[in-house]
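The values are calculated or read from the model by the stated rules, or taken from the named source; none is laboratory data. This one's a predicted model, so the numbers in the text were calculated from it and none came from an experiment. Note that we place each Cβ from the backbone using ideal geometry, even for glycine, and neighbour counts take in every protein chain shown.
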Amino acid sequence: MKITMTETTNGRQENRVPTSLKAYYSYGRVEGVGVLTDISYSGAVIEGKSKRPEIGTPIVLCVYMVSPRGFEKVSSFELAGHVVQHNSTGFAVEYEDNHDPDVRQMLDDAATIVASRS
């Protein structure tokens, strides 16, 4: 059964999925790795970084997901966006095109993987 992001969450955090996926990111000449702790159809939160890009900075995220069934290959997705918020240990990104069906499908796939680990 395929689980969408809406079905895995509820309340105020509707359409958000808590994750702990390693995320690679780049902005300008800076590259780094953080932990994607929250995803939604419109954006994501990256934690584990003391140095944060300035708000408004264009950024690219690349996330690799391993299926809960070991025989399936790793899938990856790349998301472009810009930094919209800082917190004490990371930053939030809003995607450039959150209506792209491919982006929504990739995020639903991530939700399915996260739900299967619970």
TODO: Go through the stretch 25-78 residue by residue and tally those that are modelled with pLDDT under 90, of a type in the set (Asp, Glu) and farther than 16 Å from Val103 by Cα.
DONE: 1
Open item on the list: Looking only at residues that are in contact with a Phe, Trp or Tyr (Cβ under 7 Å, 6 or more places away or on another chain) and within 17 Å of Met65 (Cα to Cα) in the stretch 75-115, which one is surrounded by the fewest Cβ atoms within 10 Å (Cβ to Cβ)?
Closed with: Ser76
